[in-house]
1. Once neighbouring chains are kept in place and the probe is 1.4 Å, which whole percent of the accessible area of segment 44-123 is contributed by carbon and sulfur?
2. How much net charge surrounds Thr68 when only the other residues with a Cβ under 9 Å from the Cβ of Thr68 are counted, with Lys and Arg +1 and Asp and Glu -1?
Amino acid sequence: MRRAHLLSAAVLLLCTACSGGPDRDSGQSAKKAVDHGAAVRAAIERTSADSARVDEKIELRSADSPTTSVFAIAGAFDLAGDRGRLTVELEDSGMDPVEEIFVGGTVYVRGSRAVDEGKWASAVRSEALTRYFLRAPLNDPEHLLRQ
């Protein structure tokens with residue numbers, strides 16, 4: 001099965017949706033916007049029917065602290081089958097990686113500080129809250145497509 005890099009696809013979709021600028025073309029920009037919308041929807045549909053390899057690094061920096069936290073997230077996701085497995089690691093923390101398994105509307109998590117050692121916890125994906133701008137709750141790749 002063809003693999004796509006989900007983050008790149010999301011960025012491409014965002015760039016495609018936002019490309020172009022104000023021009024004085026008597027309605028041509030409105031037509032372009034409609035065409036871009038159709039292209040974005042078609043790309044989302046194609047991506048949703050495929051699988052993705054997730055390899056990303058996220059840097060979080062608080063306005064209150066000079067410290068930067070770097071999360072490395074890696075794994076595979078079958079978007080069509082609505083299932084996947086990710087490993088989330090806080091670099092240079094000395095902590096064990098967190099495992100996330102997505103099955104349908106549920107994510108199972110092991111290794112989080114909020115979960116007892118060796119135990120699995122679960123959460124409803126649709127109820128997860130976004131805590132950081134442009135960071136999917138629960139690191140959920142499908143959240144990017146829904147956005």
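1. Details: 2260 of 4930 Å².
Solvent-exposed carbon and sulfur of segment 44-123 make up 46 percent of the total.
2. Details: positive: Arg61; negative: Glu59.
Local net charge: 0.
The values are calculated or read from the model by the stated rules, or taken from the named source; none is laboratory data. Quantities reported herein were computed from a predicted structural model and do not represent experimental measurements. Cβ coordinates were reconstructed from backbone atoms using ideal geometry, including for glycine residues, and neighbour counts include every protein chain displayed. SASA here: full protein model, heavy atoms, side chains in, ligands and nucleic acids out. Shrake-Rupley method; radii C 1.70, N 1.55, O 1.52, S 1.80 Å.
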